[in-house]
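The values are calculated or read from the model by the stated rules, or taken from the named source; none is laboratory data. Only a predicted model underlies this, so the values are computations on that prediction, with no experimental measurement involved. Neighbour counts run over all protein chains shown; Cβ positions are idealised from the backbone, glycine included.
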Amino acid sequence: MTYAIPDIKDRVASGDNKYDLTNLADGRVQLMPHPDSITESGTPINRTLFMQMAQGIKDNETLINDTTTNLSEEIEEKAGIFSLGTQKVTIGVI
């Protein structure tokens, strides 16, 4: 399965440090972002985005491990090395 790289964008806004303040009945206050303008809302940073990245990392780890195992077995086979229990045995002249 081919991983589609998402087009991750930064948020671009003017006045991103401005908020509306509302006094609540229980004595608390509520802050609501109120920027002057938003040119680009940016890519949502959420579980879906991170799970795609984590899965891509895991898939590549599996691929690397499988490739390494296959290469090791192929090298041992060509060198005349085989496993006998936990011992490696070599046949032929080194």
Exercise. Are there any pairs with C-beta distances below 6 angstrom linking a residue in the stretch 23-51 that is among the charged types (D, E, K, R) to a residue that is in a loop (DSSP other than H, G, I, E, B), with the two at least 6 apart or on different chains, and if so which?
Worked result: Asp36/Gly15; Glu40/Lys9
Problem set entry | Filter pass, Ile8 being in a loop (DSSP other than H, G, I, E, B), within 30 Å of the chain's Cα centre (by Cα) and free of Cβ contacts under 8 Å to residues at least 60 places away in the same chain | yes
Exercise. Among the listed residues Ile45, Ile94, which satisfies the condition of being loosely packed, with under 10 Cβ neighbours inside 10 Å, modelled with pLDDT under 95 and part of a loop (DSSP other than H, G, I, E, B)?
Worked result: Ile94
Seminar exercise, completed: Taking the stretch 1-35 and keeping residues surrounded by 10 or more Cβ atoms within 10 Å (Cβ to Cβ) and acidic (Asp, Glu) leaves Asp16
